[in-house]
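The values are calculated or read from the model by the stated rules, or taken from the named source; none is laboratory data. Since the model is a prediction, treat every value here as computed from it, not as a measurement. As a convention, Cβ positions derive from the backbone with ideal geometry for all residues, glycine included, and neighbour counts pool all protein chains shown. Accessible surface areas use protein heavy atoms only, side chains included; no ligands, DNA or RNA. Shrake-Rupley method; radii C 1.70, N 1.55, O 1.52, S 1.80 Å.
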Amino acid sequence: MSIEKSIEFNRDRIIVNASDMAAIETRLFDAGFPVAALMEKVAGRIAQWLSQWLQQTANEYPNRPQIGVLVGPGHNGGDALVVARELWLQGYPICLYRPLDKAKSLTQAHLNYAQSLGIPILDTYDDLKSCHLILDGLFGFGQTRPLEGDLAQLVTWLNQQPQPCISIDIPSGLHTDTGEVLGVALRAEVTLCLGLWKRGLLCDRALEYVGQVQRIDFDIPQADIEAVLGPSPAWQRITSDWAKQALPLPRAQSTHKYQQGHLLLIAGSGQYAGAAILAALGARASGVGMVTLAVPESLKPLLNAQLPEALVLSCPETPDGAIAQLPSDIDLSRYDAIALGPGLTQNSPSLLQQSLQHRAPLILDADGLNLLAAASDWQQGQPETTFWRNHPLILTPHPGEFRRLFPNLSQPSPPEAAQQAAKQSGAILVLKGARVAIATPEGQVHMNPHSTPALARGGSGDVLTGLIGGLVATGARQQHPLPSLVAAAVWWHAQGALQAQKQRSSLGVDASTLAQTLPDVLGREP
């Protein structure tokens, strides 16, 4: 069930919390790397990035835009002062504003040197109005106390100004681990994350504040990262290269459809026929060898017309058009994966138990999740004895469904909640949101860092269910690790929406368009 037993070391994938980052830095200092030297290295790279960024955006600013630098009392403020010094020496007009008089000794030393160079210090933050750009060096990672009083007033005022802000490491006022706003937080146009990705930057609640996020690498040794996080860090970002490698590609030259997986998709009702179609379109885009659709008998002609390549099973239906039960002669052992839920309604309580008669991986979405939440074994909460522990189970809830499944679970952030829920249930948990979190029972969390609000439309989740189901069916047949396939499906789904958005805007990415765009994401094979 592990996403991967060993990974190619890649700093761009690693996600840390504040305590882990502090422990890594402590190892650097204990080994003899001076704090001052690290500050110079980090700030030098920030200054280099800013110089390049200013050149690329030269048409938006004067030849030498004036930069206002917010200087906090800690080492984040020290970083900002070194950046200010370097840009000043390059000829940029710089001014400093310090909302607090106190400072750590190293930060104070840099302030003293900045003053000796003649860099002006403003008396009031109102004087920042003359600046074209603001560099936020107030507070870095590890902040836990809310911004109050004059600091809150400063940040509120800055958020009302037209000048763009660039934050060092994390916007001032955001919790490093959860992305929670601590009273008030600065809205940055760009956030320059230092060293390793911070958890809070990938949480939904932070997206309004972080803007475009860039990681500034400063060459943390692999040994120090592994000493704190282990050889396979539990929290990782999904990158395009990793996701593509997780897909069941390339295919063997000598193969046939049943070697590419067979998915059983149980979906649809008289009220929600479209959900079955959209989930099947997602499965078709996955490249799975065969798709069998189990739908109410009255929907079979519609599904045959929409998906002529699929096998369509007629199921006995209830008076209101829901599936009453699976066909009595169905052989579940034929299928490499089962997906249950899109468009079902909750009038088919027996379907969950029937789907669990075979040990194939089971993907639950929509009403499949509601059926699970209502199951007596699930409500009893005895993981060591309940039926779902005996099956590879993949749950794909949105936040409301998650709360119904895990009503007693309270964690400071959605990814942490997903991590705890996966451990409790023994399931792979796909917690939907602006940034989807995929968690495994072993405690691993994969975050998808790129998505679009274009996915906030009815039917997009049905497409994802089909895409996951198809990849899992293919991967189960070929013995690929299931969590990697699920994470790759989430990435692929988001990339499809991003690609469609380029052509149609975020308002034009309906679920059918999304399903049609998915095959274009991977491009052409050589």
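State whether the residues of the stretch 88-105 include one that is modelled with pLDDT of 95 or more, surrounded by fewer than 16 Cβ atoms within 10 Å (Cβ to Cβ) and of a type in the set (Ser, Thr, Tyr). Checking the stretch 88-105: at least one residue is modelled with pLDDT of 95 or more, surrounded by fewer than 16 Cβ atoms within 10 Å (Cβ to Cβ) and of a type in the set (Ser, Thr, Tyr). Within the stretch 399-438, being more than 18 Å from ILE15 (Cα to Cα), open to solvent by 40 Å² or more (accessible area, probe 1.4 Å) and in a helix (DSSP H, G or I) holds for PRO399, ARG403, ARG404, LYS423, GLN424.
Pick from ARG215, ARG251, ARG199, ARG205: which is in contact with a strand residue (DSSP E or B) (Cβ under 9 Å, 6 or more places away or on another chain), among the basic types (Lys, Arg) and over 21 Å from LEU431 (Cβ atoms)?
The conditions single out ARG215.
Evaluate the following for ILE277: is it without any contact (Cβ under 8 Å) to a residue 40 or more places away in the chain and buried (at least 20 other Cβ atoms within 10 Å of the Cβ)? Here the answer is yes, as ILE277 does meet what is asked. Looking only at residues of the stretch 324-377 that are assigned to a helix (DSSP H, G or I) and either within 28 Å of the chain's Cα centre (by Cα) or of a type in the set (Lys, Arg) (or both), we find that the one that is nearest to GLN479 (Cα to Cα) is ARG334. In summary, GLN56 fulfils each of the numbered conditions (1) in contact with a Cys (Cβ under 8 Å, 6 or more places away or on another chain); (2) open to solvent by 40 Å² or more (accessible area, probe 1.4 Å); (3) not acidic (Asp, Glu) with the single exception of condition (1).
Sort out which residues of the stretch 185-207 are part of a loop (DSSP other than H, G, I, E, B), crowded, with 21+ Cβ neighbours inside 10 Å and at negative phi, and write them in order of number. Residues satisfying the conditions are ALA185, LEU186, ALA188, LEU196, CYS203.
Per-residue answers, yes or no, for (1) within 14 Å of the chain's Cα centre (by Cα); (2) under 25 Å from ALA276 (Cβ atoms); (3) surrounded by fewer than 21 Cβ atoms within 10 Å (Cβ to Cβ):
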{"site": "ASN448", "(1), (2), (3)": "yes, no, no"}
{"site": "GLY461", "(1), (2), (3)": "no, yes, no"}
{"site": "THR465", "(1), (2), (3)": "no, yes, no"}
{"site": "GLN479", "(1), (2), (3)": "no, no, yes"}
{"site": "PRO483", "(1), (2), (3)": "no, no, no"}
{"site": "ALA494", "(1), (2), (3)": "yes, yes, no"}
{"site": "ALA497", "(1), (2), (3)": "no, yes, no"}
{"site": "GLN501", "(1), (2), (3)": "no, no, yes"}
{"site": "SER506", "(1), (2), (3)": "no, no, yes"}
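Of the residues that make up the stretch 124-132, is at least one assigned to a helix (DSSP H, G or I), within 26 Å of ALA206 (Cβ to Cβ) and among the hydroxyl-bearing types (Ser, Thr, Tyr)?
Step one: of the stretch 124-132, the residues assigned to a helix (DSSP H, G or I) are 125-130.
Going one step further and asking which of them are within 26 Å of ALA206 (Cβ to Cβ), we end up with 125, 128.
Restricting the remaining residues to those that are among the hydroxyl-bearing types (Ser, Thr, Tyr) gives 125.
Yes.
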